[in-house]
Amino acid sequence: MKDQELYKELVEASTTWVLRYFVCVWRLTQEEAEDLTHETFLEAWNSLPGFQARSSLRVWMTQISRRIAWRYTTKRRKVPVTYEEAIPEELTSGEDLEELLALRSEERLLQYAISLLSTGERELIHLHYTQELTEQEIGQVLNVNHHTIHTRLRKARERLRTLFFRHRTK
């Protein structure tokens, strides 16, 4: 009973950011992201008895999501999806797609620059700025020392800044 309550709480608290993780980092379609989200929660349910709280539930769920995304993307070559197509409608806080596409050009340029980053760089940016994980927590997700995460995150920000300004001046 306790596991069921914990699982229900986990699903309610995590569904939106797990979906967003698949869409923004892995560039999956809404349908693919929903399928992988369901798979993530199924794997979480099956693994829940073994959860030992060495990290937060959010870090644990991100690790599961990451493994599932890696398995999925190595099994199939995904069709390129534009950033605007990849953002699920329910993640736009009630804005319709036309309003989303009408964002200021700099916001769209930033989205475009993010889409040009490698999967690893996008993942770091997403985990830190969207999911608001600390460098320590990201290190737990990626199984890497937090000092390495600090360096990689700095380099990803520098590359993002370069891409943004390179395309801004065009």
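The values are calculated or read from the model by the stated rules, or taken from the named source; none is laboratory data. Model, not experiment: these values are computed from the prediction. Positions of Cβ are backbone-derived with ideal geometry, glycine not excepted, and every protein chain shown enters the neighbour counts. These area figures cover heavy atoms from the full protein model, side chains too; ligands, DNA and RNA do not enter into them. Shrake-Rupley method; radii C 1.70, N 1.55, O 1.52, S 1.80 Å.
Q136 satisfies every condition listed in (1) of a type outside the set (D, E, K, R); (2) free of Cβ contacts under 8 Å to residues at least 40 places away in the same chain; (3) surrounded by 19 or more Cβ atoms within 10 Å (Cβ to Cβ) except (3).
Just to be sure before I move on: is A13 under 18 Å from the mean Cα position of the chain (by Cα), at pLDDT below 90 and open to solvent by 50 Å² or more (accessible area, probe 1.4 Å) in the structure I sent? It is true that A13 is under 18 Å from the mean Cα position of the chain (by Cα), at pLDDT below 90 and open to solvent by 50 Å² or more (accessible area, probe 1.4 Å). Evaluated against (1) part of a helix (DSSP H, G or I); (2) within 20 Å of L127 (Cα to Cα); (3) open to solvent by 70 Å² or more (accessible area, probe 1.4 Å); (4) not hydrophobic (A, V, I, L, M, F, W, C), R54 falls short on exactly one condition, (1).
Residues in region 25-51 that are part of a helix (DSSP H, G or I), of a type in the set (F, W, Y) and buried (at least 17 other Cβ atoms within 10 Å of the Cβ): F41 alone. Of all residues in region 122-170, exactly one satisfies the criterion of being within 16 Å of the chain's Cα centre (by Cα), β-branched (V, I, T) and not in a helix (DSSP H, G or I), namely T134.
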